[in-house]
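The values are calculated or read from the model by the stated rules, or taken from the named source; none is laboratory data. Predicted model, so just to flag it, every value in this text is computed and none were measured. Using ideal geometry, Cβ is built from the backbone for each residue, glycine included, and neighbour counts are taken over all protein chains shown. For accessibility, only protein heavy atoms count, side chains too; no ligands or nucleic acids. Shrake-Rupley method; radii C 1.70, N 1.55, O 1.52, S 1.80 Å.
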Amino acid sequence: QVQLVESGGGLVQPGGSLRLSCAASGSIFSIYAMGWSRRAPGQQRELIAVIAANGTTKYSDSVKGRFTISRDNAKNTAYLQMNALTPEDTAVYYCNAHYDPEVWWGQGTQVTVSS
């Protein structure tokens, strides 16, 4: 069982930046693929960024070039650096850990982009 705790959400103005963190329990964090998803009001959850155990990253078109996913295996933590935020980025952001066939989810952190 893996427990994930997101932090770093909040209110930011359009054009601003935030960095989300996802702290994971357990001692084998380095073998997990980590991902960030989001759910905007009235919409389905969208997978936006993934980082594999070997550090390979993938992004959805909606965030490519603006968001960066990273991981620090020594701290059992994954990050999502979000730049050039727009109101369309307003959502609850969820961290997940993936090791076939298991997937674990955090409880989410709210990000609101508004002036």
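Can you tell me which residue is most open to solvent (accessible area, probe 1.4 Å) among those in the stretch 58-84 that are touching a residue at least 60 places away in the same chain (Cβ under 8 Å) and out of contact with any Ser or Thr (no Cβ under 7 Å at 6 or more places or on another chain)? Break it down into steps so the answer makes sense when it comes.
The initial filter retains those residues of the stretch 58-84 that are touching a residue at least 60 places away in the same chain (Cβ under 8 Å), namely 79-84.
Next, only the ones that are out of contact with any Ser or Thr (no Cβ under 7 Å at 6 or more places or on another chain) stay: 80, 84.
Numbers: 80: 0, 84: 48 Å².
Checking each candidate, the answer is 84.
Restricting to the stretch 26-53, give me the number of residues that are under 17 Å from residue 70 (Cα atoms), in a loop (DSSP other than H, G, I, E, B) and open to solvent by 40 Å² or more (accessible area, probe 1.4 Å). Steps first, please.
Residues of the stretch 26-53 under 17 Å from residue 70 (Cα atoms): 28-38, 47-53.
Imposing the further condition that a residue be in a loop (DSSP other than H, G, I, E, B) reduces the set to 28, 32, 52-53.
Narrowing the set further to residues that are open to solvent by 40 Å² or more (accessible area, probe 1.4 Å) leaves 28, 53.
The total comes to 2.
State yes or no: is residue 17 under 21 Å from residue 112 (Cβ atoms) and under 11 Å from the mean Cα position of the chain (by Cα)?
Here the answer is no, as residue 17 does not meet what is asked.
Residues are listed down the side, and each one gets a yes or a no for (1) at pLDDT 95 or above; (2) touching a Phe, Trp or Tyr at 6+ places or on another chain (Cβ under 9 Å); (3) on the phi > 0 side of the Ramachandran plot; (4) aromatic (Phe, Trp, Tyr):
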| residue | (1), (2), (3), (4) |
| --- | --- |
| 21 | yes, yes, no, no |
| 25 | no, no, no, no |
| 35 | yes, yes, no, no |
| 39 | yes, yes, no, no |
| 44 | yes, no, no, no |
| 48 | yes, yes, no, no |
| 57 | yes, no, no, no |
| 65 | yes, yes, yes, no |
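For the stretch 13-58, which positions are of a type outside the set (Gly, Ala, Ser) and in contact with a His (Cβ under 9 Å, 6 or more places away or on another chain)? Outline the logic, then answer.
Residues of the stretch 13-58 that are of a type outside the set (Gly, Ala, Ser), as a first pass: 13-14, 18-20, 22, 28-29, 31-32, 34, 36, 38-39, 41, 43-48, 50-51, 54, 56-58.
Selection gives 32, 34, 50.
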